[in-house]
């Protein structure tokens with residue numbers, strides 16, 4: 001199949017397929033006499049694997065390691081557990097940060113009555129960043145911005 005067919009079959013953009021080839025995640029495809037790339041079912045499976053990894057938040061370097069292991073399995077795969085544990089820790093950090101942000105946004109929401117006569121409490125609060133408990137919190141990545 002040609003690259004357009006592979007893209008359609010996998011839901012992946014053509015430019016992404018070319019990028020994955022350039023990065024060595026997909027093997028250099030065979031070419032027709034007209035220099036069109038030609039792919040097989042093994043490319044479809046590999047691309048599905050790559051996309052599945054990406055949906056799970058894995059970096060290209062991690063996917064490269066997983067593919068190398070998949071292509072040449074060794075006896076010990078405990079490093080994969082360690083990698084996934086690292087991703088879980090990152091997700092837990094994101095959840096904590098988003099929960100904190102949600103609480104702050106809910107607090108902002110309570111500061112505005114929706115009445116034009118009293119002014120918007122949300123705008124006032126956002127204007128006065130010096131008194132923002134979210135921005136003062138050490139977990140906030142916006143300090144100094």
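Summary of computed values
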| read-out | value |
| --- | --- |
| Rg/Rh ratio calculated on Cα atoms of region 63-126 (Kirkwood radius) | 1.46 |
| Ranking of 47, 98 by count of other Cβ atoms within 10 Å, fewest first | 98, 47 |
| Ranked list, fewest to most other Cβ atoms within 10 Å of each Cβ, for 25, 123 | 123, 25 |
| Cα gyration tensor category, rounded, prolate or oblate, for region 47-92 with a/c compared to 1.5 | oblate |
| Computed label-point distance, nm, for sites residue 36 and residue 82 using a 7 Å Cα→Cβ extension | 4.6 nm |
| Cα principal axis extents for region 3-71, largest first, Å | 36, 21, 19 |
| Sorted by Cβ density within 10 Å, fewest first, the residues 12, 112 | 112, 12 |
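Just so you know, all these numbers are worked out from the coordinates, no wet-lab data involved. What you see is a predicted model, and the numbers here were worked out from it, not measured in a lab. As a convention, Cβ positions derive from the backbone with ideal geometry for all residues, glycine included, and neighbour counts pool all protein chains shown.
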